[in-house]
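Here is the structure we will look at.
The values are calculated or read from the model by the stated rules, or taken from the named source; none is laboratory data. Keep in mind that this is a model prediction, so the values were computed, not measured. So basically every Cβ, Gly included, is an ideal-geometry build from the backbone, and we count neighbours across all protein chains shown. Each accessible area value is taken on the protein alone, full model and side chains, heavy atoms only, with ligands, DNA and RNA left out. Shrake-Rupley method; radii C 1.70, N 1.55, O 1.52, S 1.80 Å.
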Amino acid sequence: MNYEIGESFAQKMDAQDSLKTFREKFYIPKQSNGEEVIYFTGNSLGLQPKKTRGYIEQELEDWETLGVEGHFKAKNPWMPYHELLTEQMARIVGAKPIETVVMNSLTVNLHLLMVSFYRPTATRHKIFIEAGAFPSDQYAVASQIKFHGFDVKSSLIELKPRENETCLRTEDIEKTIAENADSIALILLGGVNYYTGQAFDMRRITEVGHKFGAIVGFDLAHAAGNLGLKLHDWNVDFAAWCSYKYLNSGPGGVGGCFVHERHAGDFDLPRFAGWWGHDKETRFLMKPDFLPIKGAEGWQMSNPPIFQMASLRASLEIFDEAGMENLTEKSRKLTDYLEFLLNEINNERISVITPNDSSERGCQLSIRVQNADKNLFKAITLRGVIADWREPDVIRVAPVPLYNSFDDVYKFAGILKDCLA
Ligand SMILES: Cc1ncc(COP(=O)(O)O)c(C=O)c1O
């Protein structure tokens, strides 16, 4: 695609955009002057769909009028409520319904899945993550290693980019796996790194990991609802993600999990159990022995938070309407356009550290600011841009295809250019 500098190009792209009406389905926060902000932080907290309130109010109303009977008699009975989300969530991550469940939050789910899928032995005990993984993932894997009586120093592999590079090369990931072929138990990478915005080649990493006998899982916090995913076809063992970023479920929204179908009936896998993971037919017989549900649902523990699920439902329906393929196609154009305009600014005080190959990123671009000068971030914020600053020196911007426009990108680039001047 040939991008052009002037605003008329952005307006033309918006006019042609088949997803343009989706912006109207969301509340866009406003500045004190009444103008809409340029919201580029859907990678941190997605915006509120206008229909979310109605979905939550429905559950409040059913609770008000039905009390406990809402479990069976609510408009959407609470007992099987989480099932309403399964197929839609499965479509977003390229999974089968039996492989998908919505439950808990992300770090909790990573732990629960590691209980089953990190089974270290005296020789095969290492976990492989990317250096600079989100801190919660670092804490989670280190605590799992210690929990099993191993030493983080000898059991954690953290791969750093090559000198003077900011992203990891797939060949280096493969080499690391091969070099530790006999000792890697688990590979747990972010689908998209939160800091650099780099998307990893999950299909390839899974293939290589399996070749050398490792289990392969992904933290998809920055990938779910952002990239086109095919977890089932890629043969990934497990994955977990949150829904408050690209999936717009609201602060602290309920997380998602994937467990590949080939593990669905493996009841010998160790797991932490709770009554919601128990066979649905016999759950209320209140028997002492735990009989897991086949598939990802068998990892549930507690009865689900209905208000959070109601909120997520409102957003997942919008994803279904829009379609992940359409969203990723628009996303590519939006982000490529943003990159084009940043290159046009051509100012040595900023550089994009996200890969410039669009197959290696989602919608986020991470802009490194020379000398870690946070004043630039403060200046664009004052001009109505909601982006975020990540220590030590990066401004992350994520034009989200559901509610951001080409004109947002155009205006952002203009503000950034002014502030650099
Ligand atoms: C990559 C990644 N992992 C883990 C987390 C932690 O998520 P939670 O607080 O939902 O456990 C986040 C949160 O932003 C994240 O971005």
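At-a-glance table
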{"read-out": "Count of the stretch 176-206 residues which are acidic (Asp, Glu) and either in contact with a Leu (Cβ under 9 Å, 6 or more places away or on another chain) or not in a helix (DSSP H, G or I) (or both)", "value": "2"}
{"read-out": "Residue ID - surrounded by the most Cβ atoms within 10 Å (Cβ to Cβ), chosen from residues in the stretch 309-344 that are of a type in the set (Gly, Ala, Ser) and in contact with a Ser or Thr (Cβ under 7 Å, 6 or more places away or on another chain)", "value": "Ser315"}
{"read-out": "Qualifying residue in the stretch 35-52 (condition: out of contact with any helix residue (DSSP H, G or I) (no Cβ under 7 Å at 6 or more places or on another chain), over 20 Å from Ser243 (Cβ atoms), away from the ligand (no atom under 16 Å from the Cβ) and open to solvent by 20 Å² or more (accessible area, probe 1.4 Å))", "value": "yes"}
{"read-out": "Filter result (more than 25 Å from Leu327 (Cβ to Cβ), in a helix (DSSP H, G or I) and touching a residue at least 60 places away in the same chain (Cβ under 8 Å)) within the stretch 90-125", "value": "Val108, Leu110, Leu112, Leu113, Met114, Val115, Ser116, Phe117"}
{"read-out": "Selection within the stretch 167-206 - within 28 Å of Thr335 (Cβ to Cβ), β-branched (Val, Ile, Thr) and surrounded by fewer than 21 Cβ atoms within 10 Å (Cβ to Cβ)", "value": "Thr170"}
{"read-out": "Search result, residues across the stretch 91-113 that are within 16 Å of the ligand (Cβ to nearest atom) and under 19 Å from Leu189 (Cα atoms)", "value": "Val93, Ser105, Leu106, Thr107, Val108, Asn109, Leu110, His111, Leu112, Leu113"}
{"read-out": "So Glu87, is it open to solvent by 50 Å² or more (accessible area, probe 1.4 Å), more than 16 Å from the ligand (Cβ to nearest atom), part of a helix (DSSP H, G or I) and within 17 Å of Leu231 (Cβ to Cβ)", "value": "yes"}
{"read-out": "Residue check, Tyr195 among the aromatic types (Phe, Trp, Tyr) and in contact with a Ser or Thr (Cβ under 7 Å, 6 or more places away or on another chain)", "value": "yes"}
{"read-out": "From Thr52, Thr41, Thr65, residue being touching an Asp or Glu at 6+ places or on another chain (Cβ under 8 Å) and over 30 Å from Pro292 (Cα atoms)", "value": "Thr41"}
{"read-out": "Tabulated pairs, the stretch 7-33, first at pLDDT 95 or above and open to solvent by 70 Å² or more (accessible area, probe 1.4 Å), second among the acidic types (Asp, Glu) and in a helix (DSSP H, G or I), C-beta under 8 angstrom, 6+ apart or interchain", "value": "Gln11/Asp407; Lys20/Asp14"}
{"read-out": "Among (1) within 15 Å of Leu112 (Cα to Cα); (2) outside any loop (DSSP other than H, G, I, E, B), the one test that Phe272 misses", "value": "(2)"}
{"read-out": "Subset of the stretch 310-342 [of a type outside the set (Lys, Arg) and closer than 17 Å to Asp408 by Cα]", "value": "Leu327, Ser331, Leu334, Thr335, Asp336, Tyr337, Leu338, Glu339, Phe340, Leu341, Leu342"}
{"read-out": "So Phe72, is it under 17 Å from Pro399 (Cα atoms) and surrounded by 11 or more Cβ atoms within 10 Å (Cβ to Cβ)", "value": "no"}
{"read-out": "Qualifying residue in the stretch 202-215 (condition: of a type in the set (Asp, Glu) and either more than 30 Å from Glu317 (Cβ to Cβ) or within 11 Å of the ligand (Cβ to nearest atom) (or both))", "value": "yes"}
{"read-out": "Every pair of residues 6+ apart whose Cβ atoms lie under 6 Å, when the first sits in the stretch 152-164 and is open to solvent by 90 Å² or more (accessible area, probe 1.4 Å) while the second is aliphatic (A, V, I, L, M)", "value": "Lys160/Ala131"}
{"read-out": "Qualifying residue in the stretch 207-230 (condition: part of a helix (DSSP H, G or I), open to solvent by 10 Å² or more (accessible area, probe 1.4 Å) and within 23 Å of Ile353 (Cα to Cα))", "value": "no"}
{"read-out": "Single residue of Leu106, Leu60 found to be among the aliphatic types (A, V, I, L, M), open to solvent by 30 Å² or more (accessible area, probe 1.4 Å) and farther than 14 Å from Glu297 by Cβ", "value": "Leu60"}
{"read-out": "The stretch 116-144 - residue that is surrounded by fewer than 19 Cβ atoms within 10 Å (Cβ to Cβ) and more than 16 Å from the ligand (Cβ to nearest atom) and, of those, nearest to Gly190 (Cα to Cα)", "value": "Arg119"}
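Every residue, every condition in (1) touching a residue at least 40 places away in the same chain (Cβ under 8 Å); (2) surrounded by 19 or more Cβ atoms within 10 Å (Cβ to Cβ); (3) within 14 Å of His82 (Cα to Cα); (4) out of contact with any helix residue (DSSP H, G or I) (no Cβ under 6 Å at 6 or more places or on another chain), yes or no:
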position	(1), (2), (3), (4)
Gly255	yes, yes, yes, no
Phe267	no, no, no, yes
Ala273	no, no, no, yes
His278	no, yes, no, yes
Phe290	no, no, no, yes
Phe307	yes, no, yes, no
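Yes/no per residue for (1) at pLDDT 95 or above; (2) within 25 Å of Val68 (Cα to Cα); (3) out of contact with any Phe, Trp or Tyr (no Cβ under 9 Å at 6 or more places or on another chain); (4) away from the ligand (no atom under 16 Å from the Cβ):
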{"site": "Tyr244", "(1), (2), (3), (4)": "yes, no, yes, no"}
{"site": "Arg262", "(1), (2), (3), (4)": "yes, no, yes, yes"}
{"site": "Gly265", "(1), (2), (3), (4)": "yes, no, yes, yes"}
{"site": "Phe272", "(1), (2), (3), (4)": "yes, no, no, yes"}
{"site": "Arg283", "(1), (2), (3), (4)": "no, yes, no, yes"}
{"site": "Glu297", "(1), (2), (3), (4)": "yes, yes, no, yes"}
